[in-house]
Amino acid sequence: MRSLLALLMVTLALAVLCCCEKDPKGSSESAITDSIKIKKEVANTFVKRQKRSSLYERYFEYYKSPMEQMHERCENYPPCDYLSDQIGFAMAYNRFFGRY
């Protein structure tokens, strides 16, 4: 077992040395970074600003429905979460927290 571990460590060390070797030319880095740069107009076509939401949408972002609150309550209690996987959410919630 130790010989296998030692062989694995040596192989990983050689792989790191081979992969992390620097390029003697050094000019390939500048060519790579130049190819990454794009114009501002082109970048704006990909990145769009999020539109403002209505008051109705903002309300539901901050306040959860009662059913979602019950799901979270059951998920945070491990026995209820486990039982909900076995018999369903409604029956598990009724068993641990009463009627909803």
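Numbers at a glance
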{"quantity": "Residue in region 42-64 that is under 30 Å from M91 (Cβ atoms), modelled with pLDDT of 70 or more and assigned to a helix (DSSP H, G or I) present", "calculated": "yes"}
{"quantity": "Residues (in a helix (DSSP H, G or I), at pLDDT 70 or above and within 28 Å of the chain's Cα centre (by Cα)) located in region 13-41", "calculated": "V16, C19, I36"}
{"quantity": "Region 65-87, residues that are surrounded by 11 or more Cβ atoms within 10 Å (Cβ to Cβ) and assigned to a loop (DSSP other than H, G, I, E, B)", "calculated": "Y77"}
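The values are calculated or read from the model by the stated rules, or taken from the named source; none is laboratory data. Everything quoted here is computed from the prediction, not taken from an experiment. Here the Cβ is made from the backbone with ideal geometry for all residues, glycine too, and neighbour counts use every protein chain on show.
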